[in-house]
Structure formats: C-alpha cells, structure tokens
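Notes to accompany the following structure.
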Amino acid sequence: MSALQRRALSQGELDVMMAAHERLLEGRPGGRRLMLKFADLNGLDLVGRNLSEADFTGASLERARVVGARLKDAVFFCADLIGADFTGADLTRADLRGACLRGATLIDADLTKADFREGVIAVPHATRGLAEAREELRRGVADGAVFSGAVLDHSRFDGVTAVKADFTDCSMRGACLNGANMRDANLSGALLEDAAVEGTNLSGAQLRGAVLTGVATDRATMDRADLTGVLRAPSADAAAKAEKLLEKALDANAWAESGGVFGDPAVFDNEDLRPLAGRLQNLKMPGLTAKGACLVGMDLRKIGLQGACLDDADLRGCDLRDADLRGARLSRALLHKADLRGALISGLPLGKQRTLPTVLTDAGLRYARLERAQLEGAHLGGADLTGARLDANALSDEQRASLAPSGSRAA
C-alpha cells in the first residue's frame, strides 16, 4: 500500500498479543481481541496460532509464516500478504477483500466462503491520521500465488487477478470467479462443479482433468486453454440408467445382508454413477466390481465395499468417511481431495490367520483426508499422498518407503 505508515511490531510484542487473543477465544481471564490494523508484521511467525476473528485490516504480513494457523472469520481487508506462507491454514469465511496475495503460498488451506473481491480502504494521512484520510480502491491480487489442494468452495473470487496462479487439485465447488483474470493459471485436476465463470479470463489456462460439471465455459475467455481430459456433466444415457443401477446396488445390499441367499454382487464397470449422488451411502456391497467407474464427488459415507474392485476408478472429491474398504482393490484409482476420515483401509480377515490386503498401488491420494483411517497392511506402492492428512504413525516405515516420492504429511 503506497506511502502508508505502519507501526512495526517485534515478534515478542506479537506473541503477547496473540496469547491474549487466544485467552479471549477460550473464555479465560485476560483475553483481548487481536486488533492489528495497519500494523507491520513482515516476516513474523504466526504458525499454528488460533487467531479466529482477528483484525488485520491494512496490515502488512509480507513473507510472514502463518502455517497451520486458525483464522476463521479473520479480517485481512486490503492487507499486504505478498509471499506469506499460509500452508494448511484455516481461513474459512475470511475477509480478504482487496488483499494482495502475490506469490503467497496457500497450499491445502481452507478458504471456504472466503471473500477476495475488491475493497475500498480509508488510508490515514501520514501526519494528520484519519482526519484527512483518502480512499483507495484495491483489487484482489493473487498473481503467482500457490493454492494447490486448497478448498475454495463458495468463495468470492469476482474480479480478482490471479495470473499464473496454481490451483492444481483445488476444490472450487460453487466458487464465483466472474470477471477474474486467471490467464495462464494452472487448474489441472481442480473440482469446479457449479463454479460461475462469466467474463472470466482463462486464456492459456491449464485445465487438464478438471471437473467442469455445471460450468458454463462458453461465457469465459478460453482461447489456448488446455481442456484435455476434463470431466463434464453426466450424459443423458448415464442419467437414464440411474434407477437400474440403484436397483443393482440394493440387490447387492440384500446379497450382503442375507449371507448370499438373495441378490448378487453388483457390477458397475466403466459406469458413470454420479447421477446416484448420495443414494449409495450406508449400503453394503461387498465384492462390487466398478473398474474404471466414475464416482466423482459422490456421498459414499459408511458404504461397505469389502473385497470390491475399483481399479482405475475416479473417486476424486468423494465423501468416504467411515467407509469399509477392507480388502478392496483400488490400483491406479484417483482419490484426490477424497474424505476418508475414519475409513477402514486395513486387511480383510478371511479366517485361519489369512488376510486380504487393501491394494492402493499407484493410486492418487493427493490432499486426501485420512485422519483416523486404519491403514494397517495396505499396499501403497507408488501411491501419491502429496498433501494428504494422516495421523502420526498411521503408516509403517515400509509403507512410507513404498510411496511415490512426493510423500504426505501428518495431521
């Protein structure tokens, strides 16, 4: 912010103020809200702190370390965040209007319902303060920022400039990107269901493998954009088959519950199951075969898929919390941004000390949620767990050694 006078804080001063804010959030004595309007926090450390609802209006946090911080409903109105590191931070509903995020790192951050639109700020006079303040219009800037794996669902990105920004594997469901300048941005693998892109400049953007269900790209500038392998809405044929596929799923559930007396295991190879939405959750379908099937974004909570074959299936963004995947085959399956918290991914007991392992060989699990998942004995050779959230010690040394080089991080 040009010619703006900011009060510089030391790390010690900031630590005292952050501790007081945390006491306020916890309801303990001595609490005080963190109000750092027009403060200079350049290069300071805010790692892991709970600063929800703090006010950083007009502040400068250039190159600050904010990794893993909790910043729900925090205000960064017209703040300078150039080169700041917000990796894994929770910025749910944060007010980022007019903020400059040029070159910032927001890998795997939660920016659900965050607001990046332009903002008008009253800039105090250098000597006379607010008595002679001037208004300054600031457009949201995220040029060159790295959002890989971040959640931007229902965020307001209208009019933001994000030239050459990295949105690979982001969840951007229902985001408003109208009028944004995303020229040469990388949105490969991004989940953009129902995003608004009217007037958005996506020229030269990489959208390889992106999910564009419900996205009217004809209203955006798309020249030179790479749309290789993008996933559009289910076909009319897939929608027409939905009820028959549901009958097969219910038949498979009956087979499981009757011990094989009624029904049969389901066969969904290469089917697009998305029209079934959340109608498969809680069903038991052991022995299912759904090789190459498309289940992107489906609600599959508590589904029973013991011994199922899902090789080459696309399960990106699926909700698989508390699912039973013991003994399932998921070789080369895509599970980027999938929620597998509490899932059973360990071996399936077969009696007489025999166990059928779960196979995730060469599977894609980038930015997947795996907290509380049981992964004992799972075959993970070549699996990509970049940015995946795991409980500490969830994997054995042998499993970690077998992963693709990008690795994963503990929750």
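The values are calculated or read from the model by the stated rules, or taken from the named source; none is laboratory data. Treat the numbers as computed from the prediction; the structure is a model and nothing was measured. For neighbour counting, all protein chains shown are included, and Cβ atoms are generated from backbone atoms with ideal geometry for every residue, glycine included.
Annotations for the structure displayed:
- Of all residues in the range 164-187 being buried (at least 21 other Cβ atoms within 10 Å of the Cβ) and among the small types (Gly, Ala, Ser), the one that is farthest from ARG316 (Cα to Cα): ALA180
- Hits in the range 258-292 - residues which are among the aliphatic types (A, V, I, L, M), surrounded by fewer than 22 Cβ atoms within 10 Å (Cβ to Cβ) and part of a loop (DSSP other than H, G, I, E, B): VAL261, ALA277, LEU283
- Checked against (1) at pLDDT 95 or above; (2) outside any loop (DSSP other than H, G, I, E, B), GLY342 meets all criteria but (2).
- Members of the range 46-74 found to be without any contact (Cβ under 8 Å) to a residue 24 or more places away in the chain and either surrounded by 23 or more Cβ atoms within 10 Å (Cβ to Cβ) or basic (Lys, Arg) (or both), listed by number: PHE56, LEU61, ARG63, ALA64, ARG65, VAL66, ALA69, ARG70, LEU71, LYS72, ALA74
- Among the residues listed as ARG372, ARG366, the single one being modelled with pLDDT of 95 or more, surrounded by fewer than 21 Cβ atoms within 10 Å (Cβ to Cβ) and charged (D, E, K, R): ARG372
- In this entry, GLY43 is excluded by the filter for residues that are part of a loop (DSSP other than H, G, I, E, B), within 19 Å of GLY12 (Cβ to Cβ) and within 19 Å of the chain's Cα centre (by Cα).
- Note on the range 75-104: among residues that are small (Gly, Ala, Ser) and at positive phi, the one that is surrounded by the most Cβ atoms within 10 Å (Cβ to Cβ) is GLY98.
- Any chance ARG316 is assigned to a loop (DSSP other than H, G, I, E, B), at pLDDT 95 or above, under 24 Å from the mean Cα position of the chain (by Cα) and among the basic types (Lys, Arg): yes
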